[in-house]
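In what follows, a single structure is set out as structure tokens and then discussed.
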Amino acid sequence: YNEYKSYLSIMSGLVFRQLFDTTSSTYTYILGCAKTRIAAIIDPVYEKVTRDSKMISELDLKLHYAINTHCHADHVTGTAALRTATGCKTMISQASAAKADLLIKDKEVIKIGELELEALSTPGHTNGCMSYILHKYRMCFTGDALMIRACGRTDFQEGNASVLFESVHNRLFSLPEDYSVYPAHDYQGRTQTSIREEKLYNPRLTQNKEEFVRIMDNLGLSYPKKIDVSVPWNLRCGPTEVDDKAILADIAANKPPA
């Protein structure tokens with residue numbers, strides 16, 4: 001009981017919401033400091049900017065940062081539109097070669113009120129993949145580097161299976177095993193996992209490096225449906241307009257920006 005009370009006391013400092021986009025199976029995360037009401041959002045989707053802005057307002061939060069874990073290929077980011085809607089700053093890793101207000105480097109600490117979010121470089125799915133660690137709350141937001149019983153593909157966008165293996169094993173699997181893992185996607189209705197679970201049960205990442213590379217080289221995945229529209233937009237931080245009908249139509253039609 002005392003341990004549970006202690007847990008509740010710690011978690012009371014965090015405002016946390018996990019949101020989902022059914023089209024791209026993308027998870028978006030809102031992290032807020034309960035004391036200062038300052039917040040960040042991780043991996044917002046353009047079509048869901050109005051939903052996200054409303055949620056942030058209803059939670060009485062002030063959005064300071066809109067963060068991408070990497071330059072996504074399966075959806076258009078909502079970071080620039082959220083900047084228009086809220087006045088926040090956009091963020092992505094410097095290694096991504098994408099535009100943003102703030103370009104983040106490995107081991108930088110992002111202060112969100114009294115929260116501290118550590119950036120951890122975890123390339124392999126793309127060169128610019130960054131995981132974000134909230135140590136006080138034993139949470140990590142791993143983008144496509146580490147997913148639930150899976151990982152991001154490595155057959156496009158500078159993907160490298162050998163590098164991804166090293167990123168996960170050396171950088172993420174070295175975290176305490178009780179840390180909760182919140183990925184950018186899940187396609188089977190699961191919402192979170194833990195470092196311990198993935199070390200034990202991830203069917204790809206429990207293999208040795210050679211076998212992991214062989215598995216990743218032979219996944220036989222189809223060409224990503226949204227890559228031709230998503231990557232060009234995401235390299236420029238996404239559309240600045242909120243709910244622009246022409247842009248929404250272009251995204252639906254897989255038409256890249258001019």
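The values are calculated or read from the model by the stated rules, or taken from the named source; none is laboratory data. All of these numbers come straight from a predicted model, not from anything done at the bench. Cβ sites come from the backbone with ideal geometry, for glycine too, and all protein chains shown count toward neighbours. Ligands, DNA and RNA are excluded from the accessible area calculation, which covers all protein heavy atoms including side chains. Shrake-Rupley method; radii C 1.70, N 1.55, O 1.52, S 1.80 Å.
A few notes on this one:
- Subset of segment 59-70 (residues that are assigned to a loop (DSSP other than H, G, I, E, B) and either buried (at least 23 other Cβ atoms within 10 Å of the Cβ) or in contact with a strand residue (DSSP E or B) (Cβ under 7 Å, 6 or more places away or on another chain) (or both)): Leu59, Leu61, Asn68, Thr69, His70
- Criterion: touching a helix residue (DSSP H, G or I) at 6+ places or on another chain (Cβ under 7 Å) and under 16 Å from Glu47 (Cα atoms) - qualifying residue of Asp217, Asp178, Asp243: Asp243
- Among the candidates Pro239, Pro224, the residue that is open to solvent by less than 40 Å² (accessible area, probe 1.4 Å) and at pLDDT below 95 is uniquely Pro224.
- Condition met for Ser167 (surrounded by 23 or more Cβ atoms within 10 Å (Cβ to Cβ) and at pLDDT 95 or above): yes
- Hits in segment 126-140 - residues which are within 12 Å of the chain's Cα centre (by Cα) and of a type in the set (Ser, Thr, Tyr): Ser131, Tyr132
- Being in a strand (DSSP E or B) and among the hydrophobic types (A, V, I, L, M, F, W, C) is a property that holds for Leu31.
- Count of segment 220-242 residues, restricted to those that are closer than 13 Å to Ala258 by Cα and charged (D, E, K, R), is 2.
- Some residue of segment 189-209 being farther than 23 Å from Asp43 by Cβ, out of contact with any His (no Cβ under 6 Å at 6 or more places or on another chain), hydrophobic (A, V, I, L, M, F, W, C) and not in a loop (DSSP other than H, G, I, E, B): yes
- Filter result for Leu103 (of a type in the set (A, V, I, L, M), farther than 19 Å from Ala184 by Cβ and modelled with pLDDT of 95 or more): yes
- Residue within segment 100-114 that is open to solvent by 30 Å² or more (accessible area, probe 1.4 Å), free of Cβ contacts under 8 Å to residues at least 40 places away in the same chain and in contact with a Gly (Cβ under 7 Å, 6 or more places away or on another chain) present: no
- Given (1) modelled with pLDDT of 95 or more; (2) more than 12 Å from the chain's Cα centre (by Cα), number of the condition Tyr4 does not satisfy: (1)
- Whether a residue is out of contact with any strand residue (DSSP E or B) (no Cβ under 8 Å at 6 or more places or on another chain), at pLDDT 95 or above and aromatic (Phe, Trp, Tyr) was assessed, and Phe156 does not pass this test.
- Of the residues in segment 74-94, at least one is surrounded by fewer than 22 Cβ atoms within 10 Å (Cβ to Cβ), within 13 Å of the chain's Cα centre (by Cα) and not polar (S, T, N, Q).
- Among the residues listed as Lys54, Lys48, the single one being part of a helix (DSSP H, G or I), open to solvent by 30 Å² or more (accessible area, probe 1.4 Å) and touching a strand residue (DSSP E or B) at 6+ places or on another chain (Cβ under 9 Å): Lys48
- Subset of segment 170-201 (residues that are within 12 Å of Ala145 (Cβ to Cβ) and either open to solvent by 80 Å² or more (accessible area, probe 1.4 Å) or over 17 Å from the mean Cα position of the chain (by Cα) (or both)): Asn170, Phe173, Glu198
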